[in-house]
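Right, one structure below, let's go through it.
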Number of protein chains: 2
Amino acid sequence: MAADAIEPLGITTAEEEAYRHIQRALRMGRYRAGDRLIPEEIATEIGMSRMPVREAFRQLAAEGLVLIRPNRGCIVAGLTLDEIYETFEIRSVLEGLAVRLAMPHIDVEVLEELERQLDRMERASQTGSSDWVVRHQAFHLQICQLSNRPKLVRQIASLHVVIEPYLRIWFDYVDKPASARAEHEILIDVLRSGDAGKAEIVMRDHIVETAPLLANFASPGRR
Amino acid sequence: MAADAIEPLGITTAEEEAYRHIQRALRMGRYRAGDRLIPEEIATEIGMSRMPVREAFRQLAAEGLVLIRPNRGCIVAGLTLDEIYETFEIRSVLEGLAVRLAMPHIDVEVLEELERQLDRMERASQTGSSDWVVRHQAFHLQICQLSNRPKLVRQIASLHVVIEPYLRIWFDYVDKPASARAEHEILIDVLRSGDAGKAEIVMRDHIVETAPLLANFASPGRR
DNA sequence: AACTGGATAAGTGGATACACAGATACGCTC
DNA sequence: GAGCGTATCTGTGTATCCACTTATCCAGTT
């Protein structure tokens, strides 16, 4: 649900399968940053030729998940510490914008649904490390989608995918942060207040404050 | 200079040529939105096979410049009126962020260089419609680059390319807006003031105020 | 006369084959 | 013994070929 917000722009059956396959592997942290992705390997794994895999690489490169160096193959793109911060800075203004634009579409039902999302997020944090990450993204994207800005939502979702492996690692280490629920309740509170400008600021702060937490657990592999 | 900030991520000689060729054509407004891009046509035009052209299409699709529908070819992506507004909204917060982060790196030399950029922009507006657009982008990107945030700059540059055809059309119609210089002087003024928060707001306003102007001249072709 | 169905043609997506570039290892020379 | 050059091998990038989907046109039927 969360990640399906990212549609692989122009993609056909075989290529789409390759794309989804690799993206899932990447998001699950199966590869480490700097690992080489060998087209033939992946191609035989899914049962197709190198061709669609290459096209999938292009798609992933555009999203910043892999790096393609001419004649030197495709490697998993890791984020440096600076890049993690940068990604959170970008996320903060984009999601800030989204929540500001979402405000007119906030009503009681929406707030209740968001509360339920938080419940699911909390329950997911018990079952598995990666379940929480998925629910957490779903919560954020749910708010963003209320802005009714497809391109904005797509960009935000794309950023979520990029930082997902780092979120996952962080969560594995700290073993369910107790503050997570409270942090996100604040977001619902400000949505309830109806103040769009304030909501933007709260969302921004919420996001940039997360970055330093992650930073300590950064780099699943060097660059 | 301005657009070279967008590097075609992982691309080799032949494919890179195809990519640059098509992107230039697109930015110059050679095609209208909805036009089909026929791989063979372009391939023979540059003197290569369809293959690198296909990969170039993928790259362009990832940037949102073209649309690839499975088994139905590649068409030039136009922006609806809503999408133009949305793009400017996204630009406003991203460039707002950029200018805020750029503030610590502003000094006298930088301000002088920006003034020179404005001069060039004004001169370019006399020589040709498209020259002004290029200079205008260069001015904005120059400021953004001072933020020292590569990913942020790349995203902003990508948005500039998307709206370039619309800017060009608008400029052709109004024949050099007299207010353009003054509008951008304000940006330099606020940079000179040293107030990062204020600069962010001014930049945001500057950008979102541009959108309605463009809207009247929107859609070089329907969607 | 208009609409629907089928057939044909055009064009896209995928696979295989080939050529070239880069990396590594081994040998030769200093 | 060490460093550089060369040769081989691995693997990417491009082209050609084939199969399949889609679109268009014509004919037949209502």
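Values in this text are rule-based calculations from the coordinates and carry no lab data. In this text the structure is predicted, and so the values were computed from the model without any measurement. Here the Cβ is made from the backbone with ideal geometry for all residues, glycine too, and neighbour counts use every protein chain on show.
A compact table of results
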item	result
Shape parameters for the protein assembly as shown, alpha-carbon atoms, Rg then Dmax in Å	22.2, 65
Between helix A:150-174 and chain A: long-axis angle, C-alpha atoms, 0 to 90°, nearest 10	90
Principal axis dimensions, largest first and in whole angstrom, of chain B by Cα	54, 35, 31
Within 10 Å of each Cβ in A:86-98, the average number of Cβ atoms from other chains	5
Net dipole in debye of the stretch B:3-76 [+1 Lys, Arg Cβ; -1 Asp, Glu Cβ; about Cα centre; nearest 20]	380
Angle in degrees between helix A:50-62 and the longest Cα principal axis of chain A, rounded to the nearest 10	40
Positive-pole candidate from B:Val53, B:His21, B:Leu159, dipole of chain B, charges at beta carbon	B:Val53
Rounded FRET efficiency, nearest 0.05, which uses the C-beta distance separating B:Arg120 from B:Ser179 and R0 of 30 Å	0.95
Interchain or long-range residues, amide H under 5 Å from B:Cys74's placed H	B:Leu37
GNM result for chain A, Cα springs below 10 Å: residue of A:Glu41, A:Glu63, A:Glu164 fluctuating most strongly	A:Glu41
Assigned charges on the beta-carbon of Lys, Arg, Asp, Glu; the stretch B:81-215 dipole about Cα centre (debye)	340
For A:Val66, residues with placed amide H under 5 Å, excluding near neighbours	A:Ala61, A:Ala77
Given charges at beta-carbon only (K, R positive; D, E negative), |dipole| of the protein assembly as shown in Debye	1120
On Cα atoms only, tilt of B:179-193 relative to the major axis of chain B in degrees	60
By average C-beta atoms within 10 angstrom, highest first, the peptides B:66-79, A:181-194, A:91-104	A:91-104, B:66-79, A:181-194
